[in-house]
1. Once the dipole of region 470-660 is set up with Lys and Arg at +1 and Asp and Glu at -1 on Cβ about the Cα centre, which of T625, S476, S487 lies farthest towards its positive end?
2. Angle, helix 146-164 long axis vs. longest principal axis of the chain, Cα atoms, 0 to 90°, nearest 10?
3. Taking the Cα atoms only, what angle lies between the long axis of helix 316-325 and the longest principal axis of the chain, rounded to 10 degrees?
4. Which residues does a label at I163 reach in region 62-82, if reach means a backbone N under 14 Å from a point 7 Å past the Cα toward the Cβ?
5. Taking the Cα atoms of region 470-660 alone, what are Rg (to one decimal) and Dmax (as a whole number) in Å?
6. What's the exposure ranking of K55, K500, going from fewest to most Cβ atoms within 10 Å?
7. Local charge sum around D414 (other residues, Cβ-Cβ under 12 Å, Lys/Arg +1, Asp/Glu -1)?
8. Can you list the lysines whose alpha carbon sits under 16 Å from that of K428, skipping same-chain ones fewer than 8 residues off?
Amino acid sequence: MAKAMFGFLTVFFIHWTCADIVFDDASGYGRRFDGIGSLSGGGATSKLLINYPEKQRSEILDFLFKPNFGASLQILKVEIGGDIQSTDGTEASHMHYSWEENYERGYEWLLMKEAKKRNPSIKLYGLPWGFPGWVGEGSGSPYHNVLKTADYVVRWINGAKKIHNLTIDYVGIWNETPYNISYIKTLRKVLDGRGFQHTQIIASDNKWKIAEDMSNDKELKDIVYSIGVHYPGTQSPKQAQQLGKTLWSSEDYCQKNNETGGACWARILNRNYVNGHMTSTIAWDLIASYYTSLPGWGMGLMTAMEPWNGHYVVSPPIWTSAHTTQFTEIGWTYLKHGHGVGTLPQGGTYVGLTNPKRDQLTIVMETMTFEHSKCVLDAKTPFKVNPQNVTLSLGGKWSGVQEMNIWFTQLGFDEKPNIFFEKRSPLKFIKGKAEVFLDVNQIITLTTLDTGNKGAYPAPPPHIEFPLPYSDSFDSYNLYQEPYYLSQQIGSFEILAEGKNGFVRQMVTQMTIPWCKQADGIQKAYNVFGDIKWTDISVEFDFRIPSKNGSSGVFVAARTTKGGCSSAETSGIFFHALPHKFVLSTDIQRQHVVKSGDLSYGPGSWHNIALSVKGSLAKLIFDQTTVYFGSIPTWPTAGWAALGTDSYGLADFDNLKINSLM
């Protein structure tokens, strides 16, 4: 019997018996395949992508979304911005306040439109991480008034359709927080009442608890399209499996996008169905496009964090995705367990999928080892995988198939070379059977489809660090746009204008309903930019405190060390300009004061503030007058530049300048 040895491109004859794996429809079919996707947001993870040079941005988007090119994603999940810190930054709400709506804020609109342009069949999924404070009417909970919260979310869905011509296919409840059954039922009623019957509810983007409530509440069961679970470790409980509802891993992966990340992603894409009957898996996150050293940096399916020159990296998980997405579509069907879905005899897994006409077959096999495919939030139980020979037997509708196309990946562990998504000579079947040798840490797709392509572009520009000097007058932006290089960690900053003069305004004026309470709870606005390795720099800008709803002051900072949910704990050199005094501190909350002194300014007028740090010295300048020049602690030695407000409230910023003092 002919044997294909994928690792060495040789074919020879063998005589030993291999374990027989059957792919047929003798007992029917398994569950409907709902697609492979990824998540933009859940922490401003696409922040830097939007201001890439158009050429490189288009290439990156092709690698993510273009069918038969790269990852060819079938679902795009996005954060419904809530003005709150959600991992690596904040995303703007469409309603900062109850009396206004604005669907030009943020970058998820553009991302969804670009995804749809490349793949009109891609499904869109929105999920809130948090909410502006007004939604909870001062209670701190979105469930205080479930109708108001449902109205807020459905307005976003309506804005997507009316302003951007985007159909939102799925909507979630509240990321990784307790759900509320009354709210879920109200959300369904509001969706239906406003013509969005097609928008399905995924619940609850947390763990499996809702399956129990659905078992006891038929109305809830009927309302929820799919149970969406985060980081299920490829397992699902019997109670959930027996509900007759679709099961999704609605957030998964969470790993660096190196070879280990590629292996992690390959393993869970198969095993989420093999072990857990989950028909969709969505990766956090779509692209590592946020500053180095922010939480979870490098965990996107690929990397693009240098918009100043266009450098990006196509990472292993792109090609891991392609093994499934380029040879399936949403609406295909898994074969039944034991008839095309299961565990390989010496470890690893296989899944078979077929199209609605049942005239095409795709098989994906993976042999990822435990030690090389760990996901950060995955199950920890070890398992064994060994090299093995298997016999593939095609029966039923596919018994007459004589050959299948092969796409091959070898992840480069244990001194093996990396081989990503390589097309190889078709595998021949003799009387419905073929023998194959599977080494460890491989992905093999066998398919009757003739599609498939390893997309490529010329190499992007080489890596360079954030260039200095840097300045921005904010005059060239569209209204409501978020400033390119300002990575907001607390609060929400957007472009406004007076005549031809553009400036940045911090918009949050009251306590939010947060996802990350330790950050948003300090009720300051905080925006980092640049390079966390910066040491000796000067930072200056103009600012203004509006007379109504203004902040209690602003700050400029250098050598700031933390973002994300740890923003409240950041160290740095902070120059706080309050209306009646200045404070030089080594933390954002002014708990460690180096120096304070007199300062006086009122609302409504523009002022200039500047901070220079070099070695153990700092200079603080306010309206061209030095208010302090002297020593500072030698730690921290490096960090981002930053600006922000000393309380929630409006504040305007203009004419940002950063220079190196090296």
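1. Ranked along the dipole, the leading option is T625.
2. 80
3. Rounded to the nearest ten degrees, it is 50.
4. 80-82
5. 15.1, 44
6. K500, K55
7. Numbers: positive: K416; negative: E259, E371, E415, D439.
Surrounding charge for D414 is -3.
8. Hits, sequence-local ones excluded: K3.
Read the figures in this text as sums done on the coordinates, not as results from a lab. Everything quoted here is computed from the prediction, not taken from an experiment. Cβ coordinates were reconstructed from backbone atoms using ideal geometry, including for glycine residues, and neighbour counts include every protein chain displayed.
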